[in-house]
Structures are given as structure tokens and as C-alpha cells.
Amino acid sequence: MADWKKLAKAVILADGYIEEKETDIIRKELLADGVINKSEAEFLVDLRNSAPKAVAKFHAFVFEVVKKAILADGDISPAEVTWLQKFILADGKVDDTEKAFLKDLKASAKKTCPEFDALIAKYAA
């Protein structure tokens, strides 16, 4: 059986650029059932980390999905911080958009763990 993630990634990244039309298709398909599960969120993160270039709309969608996944219960746990670090540090640096995202997560969370607070202090203070 074909691996849908591997196939989709190869097709989407064939030209090295995630365009607006591709972003619209990805969004429509992943939100078809109204929910994005962990596997789908991880696919989006992998796609973002693998794309040489992508439109801002795609990055915004990925941040939206990650925020919903991280804050599903309102709290940010140590396990979520580990996953979040892999997402944020995938390219070895934390850019201004990622810093703003971390600050938004902090402001939106009901409760954060000390590991998240340390992450904020290190990268987004």
C-alpha cells in the first residue's frame, strides 16, 4: 500500500515551492472532516520543514494547526514543548514569525509548564 504522506509530499514539493493553490487544496482536504489529527499535523510540519519555499498563506495555516494541536486542552505540557522545539528549531534558527507564534501560544494558553516558560525566555523574550 502506498504511503499517502510520502506521495503527497513528493507531488507538492516537485517544483520546490508550495504555492497558494496547493495551500488551498491541502487546507480543504485536511479540514474536510473538521478536525486535523496528530498524524496530519505532523505531515504539515514535515512538509513545512522540507519545503525550500512556500507562500505565507501556507506557513500561516501550519501555525494555525500547530496552535490548535498544542492548545487542544488549553495547557502546554512538557511533551508538547518537546514536539514544539522540533517544529520551531527544524532549520536551526528561530525567526521573527516563530517568536511571535511562541508569544501567541503563551498568551492563549490557560496554563504553561516550566519547560515552555524556559523556551519562551530563550527564544522569544
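The values are calculated or read from the model by the stated rules, or taken from the named source; none is laboratory data. Keep in mind that this is a model prediction, so the values were computed, not measured. Cβ sites come from the backbone with ideal geometry, for glycine too, and all protein chains shown count toward neighbours.
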Residue check for residue 100: over 13 Å from the mean Cα position of the chain (by Cα) and part of a helix (DSSP H, G or I): yes
Filter result (surrounded by 15 or more Cβ atoms within 10 Å (Cβ to Cβ) and more than 16 Å from residue 51 (Cα to Cα)) within region 86-105: 94, 98, 99, 101, 102, 105
Number of the exception - residue 83 against (1) surrounded by fewer than 16 Cβ atoms within 10 Å (Cβ to Cβ); (2) free of Cβ contacts under 8 Å to residues at least 24 places away in the same chain: (1)
Search result, residues across region 28-61 that are touching a Gly at 6+ places or on another chain (Cβ under 9 Å) and under 12 Å from residue 9 (Cα atoms): 51
Filter result for the condition that a residue is under 24 Å from residue 6 (Cβ atoms), in the same structural domain as residue 6 (by TED's automatic domain parsing), surrounded by 13 or more Cβ atoms within 10 Å (Cβ to Cβ) and aliphatic (A, V, I, L, M), over 32, 54: 54
Condition met for residue 41 (aliphatic (A, V, I, L, M) and closer than 26 Å to residue 102 by Cβ): yes
Pairs, first in contact (Cβ under 8 Å) with a residue 24 or more places away in the chain in region 1-20, second loosely packed, with under 14 Cβ neighbours inside 10 Å and not aromatic (Phe, Trp, Tyr), C-beta under 6 Å, six or more apart: 16/52; 17/53
Test set (1) closer than 20 Å to residue 101 by Cα; (2) loosely packed, with under 14 Cβ neighbours inside 10 Å - residue 27 fails condition number: (2)
The one condition in (1) in contact with a strand residue (DSSP E or B) (Cβ under 8 Å, 6 or more places away or on another chain); (2) buried (at least 16 other Cβ atoms within 10 Å of the Cβ); (3) under 30 Å from residue 16 (Cα atoms) that residue 76 fails to fulfil: (3)
Residue 69 vs. criteria touching a residue at least 24 places away in the same chain (Cβ under 8 Å), part of a helix (DSSP H, G or I) and of a type in the set (A, V, I, L, M): yes
